[in-house]
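Participant: One structure coming up, written as structure tokens, with questions to follow.
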Amino acid sequence: MNCRVKLENFDIHKVLTPKEVEKLSLKKFSKSEVVYSQDTIQILIFKSGRARVVFYEKGESFILHYLQKNNIFVLDENCVVEFMEDSEVYFISSAIVFTLFKNLHFTNIILASMAKSISLEREVIKTLVFNSCKSRIASFFLDMASAVGEQRYDGILIDLTMSINEFANLIASKRQTVSSVLNEMINNGVIKKYKNQKYLIRDLKRLKQYAE
């Protein structure tokens, strides 16, 4: 399942031949570096590290999703990639993409990845346009629980791995509003907060009601 903090991935070395991998441009990036579109669409495949895809508009920013090892992303002029740790990324330029597309397995993976990304982005848009902050938070927690949650005897544990400010940016809400909603969910026994931005979903049924 695709989730904004954990996209589906694939091992490039199981799909491309060694000669095909040699054609790719492998670039290294340091933490906090930013990559912009170079006027042409490029396909990025993460070999290692972690980054976030961000939109900027009129001084405001919005995190679309995160990227990590074996994730694919198509970089265009509408967004940037911000590296959260030292990373290595394969770049596929338009000059060699048609050569690689002769590999049907690789082509199918790229197309499937793009289709899933489009579907995810449409879900994000629908959530932002039609849902309240409480509903956005509940929906995100449910997605996290399904994708990376740890089932325990007392609920489902999720790790946000981000600050409240970053989480607010991720769901396009104000920090104060997000904090208020989280405190309300905690006080109502729906979730429980632990250290290091870990949360336990205690009442899954009620959380689903919040997401509706």
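Participant: Just for region 105-126: of the residues that are of a type in the set (A, V, I, L, M, F, W, C) and closer than 17 Å to Lys23 by Cα, which one is surrounded by the most Cβ atoms within 10 Å (Cβ to Cβ)? It would help to see each step written out before you state the result.
Facilitator: Here is the first cut: in region 105-126, the residues of a type in the set (A, V, I, L, M, F, W, C) are 106, 109-112, 114-115, 118, 120, 124-125.
Next, only the ones that are closer than 17 Å to Lys23 by Cα stay: 106, 110.
Working: Phe106: 18, Ile110: 21.
Applying the filter and picking the extreme gives Ile110.
Participant: In the list Ala147, Ala138, which residue meets the criterion of being under 17 Å from Tyr66 (Cβ atoms), outside the structural domain of Asp76 (by TED's automatic domain parsing) and surrounded by 14 or more Cβ atoms within 10 Å (Cβ to Cβ)? Step through it out loud before you land on a result.
Facilitator: Details: Ala138 fails: under 17 Å from Tyr66 (Cβ atoms).
Ala147 is the lone residue from the list that is under 17 Å from Tyr66 (Cβ atoms), outside the structural domain of Asp76 (by TED's automatic domain parsing) and surrounded by 14 or more Cβ atoms within 10 Å (Cβ to Cβ).
Participant: Hey, could you check region 129-170 for residues that are touching a strand residue (DSSP E or B) at 6+ places or on another chain (Cβ under 6 Å) and of a type in the set (Val, Ile, Thr) and say which is nearest to Arg206 (Cα to Cα)?
Facilitator: Filtering first and then ranking leaves Ile156.
Participant: Evaluate the following for Val5: is it under 28 Å from Asp143 (Cβ atoms) and not assigned by TED's automatic domain parsing to the domain that holds Asn78?
Facilitator: Numbers: under 28 Å from Asp143 (Cβ atoms): yes; not assigned by TED's automatic domain parsing to the domain that holds Asn78: yes.
Considered against the rule, which asks whether it is under 28 Å from Asp143 (Cβ atoms) and not assigned by TED's automatic domain parsing to the domain that holds Asn78, Val5 comes out as yes.
Participant: Pick from region 187-212 the residues that are in contact with a Lys or Arg (Cβ under 9 Å, 6 or more places away or on another chain), without any contact (Cβ under 8 Å) to a residue 40 or more places away in the chain and not small (Gly, Ala, Ser): which of them is nearest to Asn131 (Cα to Cα)?
Facilitator: Selected residue: Val190.
Participant: Take the residues in region 75-98 that are over 12 Å from Val34 (Cα atoms) and among the β-branched types (Val, Ile, Thr), then tell me which one is surrounded by the most Cβ atoms within 10 Å (Cβ to Cβ).
Facilitator: The qualifying residue surrounded by the most Cβ atoms within 10 Å (Cβ to Cβ) is Val89.
Participant: Of the residues that make up region 99-108, is at least one of a type in the set (S, T, N, Q) and either free of Cβ contacts under 8 Å to residues at least 40 places away in the same chain or closer than 29 Å to Phe140 by Cβ (or both)?
Facilitator: Looking through region 99-108, at least one residue is of a type in the set (S, T, N, Q) and either free of Cβ contacts under 8 Å to residues at least 40 places away in the same chain or closer than 29 Å to Phe140 by Cβ (or both).
Participant: Which of the residues spanning region 50-73 are surrounded by fewer than 21 Cβ atoms within 10 Å (Cβ to Cβ), in a loop (DSSP other than H, G, I, E, B) and at pLDDT 90 or above?
Facilitator: Lys69, Asn70
The values are calculated or read from the model by the stated rules, or taken from the named source; none is laboratory data. Just so it is clear, the model here is predicted, and its values are computed rather than measured. In this analysis, Cβ positions are derived from the backbone assuming ideal geometry, glycine residues included, and neighbour counts consider all displayed protein chains.
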